[in-house]
1. Largest first, please: the extent of the C-alpha atoms of region 121-193 along each principal axis, to the nearest Å.
2. Using a/c under 1.5 as the rounded threshold, could you call region 123-164 rounded, prolate or oblate? The axes a ≥ b ≥ c are square roots of the C-alpha gyration tensor eigenvalues, and prolate needs a/b larger than b/c, oblate otherwise.
3. Scan around residue 171 for amide H atoms under 5 Å from its own, H built in the peptide plane at 1.01 Å from N, and keep only partners 5 or more places away or cross-chain.
4. How high is the relative contact order of region 99-257, given as a whole-number percent (alpha carbon pairs under 8 Å, six or more residues apart)?
5. At residue 203 and residue 107, where each label point lies 7 Å from the Cα along Cα→Cβ, what is the point-to-point distance in nanometres?
Amino acid sequence: MNRLINTTKLFTALLLGVMTSSCTKTFDEKIVLANDMSSNSVVQVFLSTVGASRNYMHVDGKVVTGALLNTTFSATTGYTASLFPAIGVGHFVPSGLRSFLLRDTLSTTTQAQLNFAQNLEAGAYYTTFAYDTITAVKQKTVRNAITVPADNTCRIRFANFAYNGNAITPAVDIISLGKNEIVATNVRYTDVTDYIVHPSLLSGEGFQVRESGTSNILATTAATSLVPKRSYTIVYRGSHRATSGTSTRAVSVFINY
């Protein structure tokens, strides 16, 4: 009975988070990590693939996303995306070696299917970043080292998945506007850093991405409220070149726990 209650609590918690292009929805602080996930893992997918639309994720041949994953790049709407599943921040997946498939369901799509296997440890949390372009979709899966702080701080980490064609995407620095200081340096393409301790509920908080070692601003979030005891990812994504109205770049904040 306790295992059922704990699992139900965690599933309810996961359904409460929704990621948008430049802001973060929050959880109730009372929610706690489940203490019994003996046969399951939690997997989250962040879609950074330039031009992707109508994407669904399959695990072991079964569709597990409740709604399609979609990214749109335009001068007017900026970046929009859904997590996996669209109304939550993660999905329970049985632990062990699992087969994943990310694909566009449109019959006329030119998007290449992404097939990969991942060995999932019971009780662990993961994020899969899909990136590059629709003709060469790639993925990087990382384990989320979730630590719930005893005080009212939060945890943040940084990722760089901005596509740059045949050129190498430059490393970036991340600036916390609330602290008015650099909080990550030299984050290279496809890097996902470890979490660091960060103050929560900072006035004027937001994050700015600059080309590493320069004052060249690449992208900036809107005002962002980070809740105590939560874990977040700040990701630079889109098209680094930003050469047209349908090819832009952005920095987004999404919640991991």
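1. Taking the Cα atoms of region 121-193, the three principal extents are 45, 39, 15 Å.
2. Oblate shape, in that a/c is at least 1.5 and b/c is the bigger or equal ratio.
3. Sorted by chain and number, the residues that satisfy this are 212.
4. On the way: 363 pairs, mean separation 31.8, N = 159.
Contact order relative to length: 20 percent.
5. If labels sit at residue 203 and residue 107, their model points lie 5.9 nm apart.
Every number here is computed from the coordinates shown, using simple stated rules; none is lab data. Here the structure is a predicted model, which means the values were calculated and not measured. Using ideal geometry, Cβ is built from the backbone for each residue, glycine included, and neighbour counts are taken over all protein chains shown.
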